[in-house]
Amino acid sequence: MSELIESYIRELTPKARGAIRGSAKLVITGEGAVMLDESGARAAQEAGDEAADVVLIASDEVFRNILSGEQNPVMAFMSGKLKVEGNAQRALKVSSILTG
């Protein structure tokens, strides 16, 4: 597991723990993936081997900007910087957890 993925896990575990119903996968383009669920964050299979209720796909830069509050996740989606696969309602919930 890369240091980048480990840093996402450290940052997202406290935000996700107890806050997410179901599961969400963040695919960091070219880097790997992180799975979020009610227990926190962990490394995930990027290639779709691991199912999730919603999958958010973006570059590390876009995810970092969303996490820091510099990028609105809805605007990132509308501009094509953030791709969503699955339930849009869950994507909004996950994005609120990421920015919270």
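No value in this document is a laboratory result; all are computed from the given coordinates. Just so you know, these numbers come straight off a predicted model, no measurement behind them. Cβ atoms come from the backbone with ideal geometry, glycine included; neighbour counts cover every protein chain shown.
Cα-based values for the stretch 3-99, radius of gyration first and Dmax second, are 11.7, 31 Å.
What you get for the chain, charging only the Cβ of Lys and Arg (+1) and of Asp and Glu (-1), is a dipole of about 400 debye around the Cα centre. Net charge in the neighbourhood of residue 90 (other residues with Cβ under 10 Å of its Cβ; Lys, Arg +1, Asp, Glu -1) is +1. 3J(HN,Hα) along the stretch 69-82: x, 6, 10, 6, x, 5, 5, 4, 5, 5, 8, x, 6, 10 Hz, from the Karplus curve 6.51 cos²θ - 1.76 cosθ + 1.60 with θ = phi - 60°, whole Hz, x for Gly and Pro.
Give the residue from 88, 40, 63 lying farthest towards the positive end of the charge dipole for the stretch 3-99; charges sit on Cβ (+1 for Lys and Arg, -1 for Asp and Glu) and the dipole is referred to the Cα centre. Farthest towards the positive end: 88. Bridgeable aspartates and glutamates around residue 93 (alpha carbons under 15 Å apart, same-chain partners fewer than 8 residues away excluded): 37, 38, 53, 85.
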